[in-house]
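Working notes, beginning with the structure itself.
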Amino acid sequence: MKKRHHGAIYLVVGAVIALLFGLSSFATAQVMTSTDFKIQSDSINVGGVPGTSPDFKINDTTGEVGTGPSTGTDFKLLAGYQQVEGGTISITAASDITLTPLSLTQSSAVGSTTWSVTTNNPAGYTLTVNASAAPALSDSGTGEAFTDYTEAVAGVKETWSVSNGYEFGFSGLGLHVSGYGTDTDCIDAENVPSTGLLWEGFNGTTQIELASSTSVASGVSTSICVATEQDTLLAPSGSYSATITATATTQ
């Protein structure tokens with residue numbers, strides 16, 4: 001079973017909207033693993049096959065004993081192959097981001113926010129982000145927009161660099177983040193994008209993987225760093241915003 005949880009980040013020169021999510025904690029275990037597979041729950045039985053007719057569909061198991069739900073003050077047990085539940089997942093709220101306004105004396109700005117993911121799925125989860133529009137950062141009143149960060153090689157993350165334009169891009173930090181560099185901070189100095197991170201632009205509304213895991217997770221944090229910069233060309237005055245959606249999905 002897969003569950004998706006969505007949240008929006010607003011990056012604006014002005015007011016922002018808060019986000020709300022629920023968070024639950026889980027415990028789980030699995031048996032029988034190898035380099036190629038992981039069986040969450042095993043069963044000793046003598047048979048059972050799916051069955052269908054025009055009026056019903058059934059998955060049966062023959063030979064199991066002691067099956068069904070059982071609870072106590074310290075546990076909840078669903079015994080038997082057919083009792084196994086699908087994985088569950090939750091994600092916390094992300095704080096809104098307000099970037100420092102660019103000006104004649106302020107050429108770049110950096111901000112960040114964080115999600116925490118919890119899942120009891122032994123196969124883990126994937127966390128993706130996507131923008132609601134292309135370009136991602138725009139002024140709805142004037143129609144002006146920052147160019148989505150443009151990599152020298154399309155789709156290949158790189159050290160932050162903007163030339164002869166004004167652009168908006170992102171990077172990632174966290175235990176389950178890979179491919180975004182080795183820095184543990186979004187900045188080298190105040191409002192200066194880290195050169196220890198690798199950055200990229202949003203690709204329209206396409207979901208981009210920010211973090212993933214192949215095991216259960218309990219409140220593992222992932223941060224997104226966002227940055228703007230103007231070089232040579234100055235961004236027109238205005239109030240720019242971007243809506244970014246984070247989606248956490250069980251594997």
Q) Hey, THR205 hits all of (1) within 20 Å of THR128 (Cα to Cα); (2) modelled with pLDDT of 95 or more but one; which does it fall short on? A) (2)
Q) Considering the range 86-123 alone, what residues qualify as being small (Gly, Ala, Ser), buried (at least 19 other Cβ atoms within 10 Å of the Cβ) and under 25 Å from LEU198 (Cβ atoms)? A) ALA94, SER108, ALA109, GLY111, SER112, SER116
Q) If you check SER112, SER116, SER163, SER132, which single one turns out to be over 30 Å from GLY87 (Cβ atoms) and either in contact (Cβ under 8 Å) with a residue 40 or more places away in the chain or in the same structural domain as ILE187 (by TED's automatic domain parsing) (or both)? A) SER163
Q: Scan the range 145-165 for residues that are more than 16 Å from TYR180 (Cβ to Cβ) and in contact with a Ser or Thr (Cβ under 7 Å, 6 or more places away or on another chain) and jot them down.
A: ALA145, PHE146, ASN164, GLY165
Q: Name the single residue, out of those in the range 219-233 being in contact with a strand residue (DSSP E or B) (Cβ under 7 Å, 6 or more places away or on another chain) and loosely packed, with under 13 Cβ neighbours inside 10 Å, that is nearest to TYR166 (Cα to Cα).
A: LEU233
Q: Mind counting the residues in the range 165-205 that are within 21 Å of ASP148 (Cα to Cα) and not in a strand (DSSP E or B)?
A: 13
Q. For ALA152, are the conditions met, namely being surrounded by fewer than 19 Cβ atoms within 10 Å (Cβ to Cβ) and either hydrophobic (A, V, I, L, M, F, W, C) or outside the structural domain of CYS225 (by TED's automatic domain parsing) (or both)?
A. yes
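The values are calculated or read from the model by the stated rules, or taken from the named source; none is laboratory data. From a predicted model like this one, the values you see are computed outputs, not experimental measurements. Cβ coordinates were reconstructed from backbone atoms using ideal geometry, including for glycine residues, and neighbour counts include every protein chain displayed.
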